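Worksheet for the structure shown next.
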There are 2 protein chains.
Amino acid sequence: MPSALILIADGTEEMEFTIVYDTLVRAGVKVTSVLISPPSDTSRGDEAETDAAVRCSRGVRIVPDISQSQLGASSGKYDAIVIPGGLKGAETISQSSFIQVLVKSFHDSGKLVGMICAASLVAKTSRLPRQPLTSHPSVKEQLDKDFEYREDSVVTRLNRLPLPGTAFPFAFALVEKLCGAQKRSEVIGPMVFPPGTVL
Amino acid sequence: MPSALILIADGTEEMEFTIVYDTLVRAGVKVTSVLISPPSDTSRGDEAETDAAVRCSRGVRIVPDISQSQLGASSGKYDAIVIPGGLKGAETISQSSFIQVLVKSFHDSGKLVGMICAASLVAKTSRLPRQPLTSHPSVKEQLDKDFEYREDSVVTRLNRLPLPGTAFPFAFALVEKLCGAQKRSEVIGPMVFPPGTVL
């Protein structure tokens with residue numbers, strides 16, 4: 001069973017988080033959400049972290065599965081890392097030195113790294129090499145000098161997308177990479193998209 | 001500012017809940033999520049209810065805004081009620097006598113009632129009059145005797161849909177009814193859907 005980490009912080013875009021988490025679970029991927037707190041946030045003790053809910057960008061409160069320190073050294077066993085957008089959440093995650101090291105190590109070992117919407121900022125702060133990339137338009141200016149910026153909905157190999165309008169295609173692209181094209185079709189069918197939907 | 005209730009229970013489909021909640025907030029609707037507990041669930045004290053997270057159908061844990069008893073008699077001030085699917089959650093909600101009375105009163109006073117996926121069961125348990133309706137295919141047999149069952153993606157006036165593939169069109173239909181067609185366009189733009197997406 002493939003496994004994936006999905007990061008979450010105060011201000012994460014809740015649709016982007018939930019669509020990816022749910023769709024990967026439907027595909028049989030073991031998904032673990034990880035709370036990333038700002039460095040200055042001393043109000044969250046480590047034990048309290050995973051019981052405390054994150055407040056997402058439009059007010060939905062989500063409880064992460066584990067904290068950053070609970071992830072710790074076990075991060076190497078996961079097959080993919082996915083980072084949702086939401087500007088405030090993406091800023092917190094992109095400024096985390098723990099995440100910068102983690103994303104670079106996933107990238108360098110050829111594992112799947114998925115960044116969506118404003119989360120493409122993490123590609124820059126993690127000092128990933130120059131390559132094709134897209135993002136939410138609001139953070140384009142911070143990225144187009146260091147990467148081959150594109151306006152496409154989906155750019156592999158890092159799979160960054162302007163979301164949440166493309167959250168479903170993004171999630172299905174992850175499913176295909178982790179589980180194959182057959183599984184992608186199996187997951188899409190029962191979700192009953194309207195005829196003509198671009199996925 | 002229009003206001004909407006969105007119901008949530010253990011087993012609610014997290015994409016359907018989150019896409020509706022988030023999209024309505026983007027449209028300027030004041031959204032309040034309400035925890036519905038099974039009648040036999042004595043483990044949740046009332047005070048504890050809103051601090052405790054619901055475990056949704058694919059494992060995402062969401063903290064509701066208020067409990068059923070916190071809603072109480074104030075329910076009349078809301079303009080709409082929305083019920084997401086997820087079979088287990090929809091069953092809990094459809095069996096709640098509190099919700100059956102609430103939905104019938106919203107319906108009879110001409111307020112917006114939105115039910116998606118398996119949540120169409122609530123139309124039956126609330127004894128709404130015979131009218132056009134759709135649902136997730138898995139609960140069709142429980143509904144097609146009492147309603148004019150249709151296979152369409154969207155059926156008004158009750159706005160029930162087979163989800164989550166139609167969660168976005170459903171959410172935008174709610175926005176248009178609560179806030180007008182102009183607001184619908186304003187909300188869709190920044191969400192950056194791929195060209196050709198059916199909404």
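The values are calculated or read from the model by the stated rules, or taken from the named source; none is laboratory data. Here the structure is a predicted model, which is why all the values come from computation and not from measurement. Positions of Cβ are backbone-derived with ideal geometry, glycine not excepted, and every protein chain shown enters the neighbour counts.
Among all positions in region B:123-145, there is at least one residue which is buried (at least 22 other Cβ atoms within 10 Å of the Cβ), at pLDDT 80 or above and under 28 Å from A:D22 (Cα atoms).
Out of the residues in region A:52-78 that are modelled with pLDDT under 90 and within 22 Å of A:S120 (Cα to Cα), which is farthest from the chain's Cα centre (by Cα)? If we take residues in region A:52-78 being modelled with pLDDT under 90 and within 22 Å of A:S120 (Cα to Cα), then A:G76 is farthest from the chain's Cα centre (by Cα).
In region B:154-166, the residue that is modelled with the highest pLDDT out of those that are at the interface with chain A (Cβ under 9 Å from one of its Cβ atoms) and crowded, with 21+ Cβ neighbours inside 10 Å is B:T166.
The helices (runs of 4 or more DSSP H) found entirely in region A:52-110 that carry 2 or more residues being away from chain B (no Cβ under 11 Å), of a type in the set (G, A, S) and surrounded by fewer than 16 Cβ atoms within 10 Å (Cβ to Cβ) are A:97-108. Looking only at residues that are modelled with pLDDT of 90 or more and of a type in the set (S, T, Y) in region B:22-51, which one is nearest to B:S97 (Cα to Cα)? Looking at residues that are modelled with pLDDT of 90 or more and of a type in the set (S, T, Y), I get B:S37.
Looking across region B:1-37, the residues that are touching a residue at least 40 places away in the same chain (Cβ under 8 Å), touching a Gly at 6+ places or on another chain (Cβ under 9 Å), more than 10 Å from chain A (Cβ to nearest Cβ) and part of a loop (DSSP other than H, G, I, E, B) come down to B:P2, B:A9, B:D10, B:G11, B:T12, B:I36. State all residues of region A:171-199 that are modelled with pLDDT under 80, within 10 Å of another protein chain (Cβ to nearest Cβ) and in a helix (DSSP H, G or I); if no residue qualifies, say none. Result: A:A171, A:G189, A:P190, A:M191. Figure legend. Inter-residue proximity from region A:137-150: first residues within 14 Å of chain B (Cβ to nearest Cβ) and touching a residue at least 24 places away in the same chain (Cβ under 8 Å), second residues of a type outside the set (D, E) and outside any loop (DSSP other than H, G, I, E, B), beta-carbon distance below 8 Å, spacing 6+ or different chains. Indicated pairs: A:S138/A:L87; A:S138/A:A118; A:V139/A:L87; A:V139/A:A90; A:V139/A:A118; A:V139/A:S120; A:V139/A:L121.
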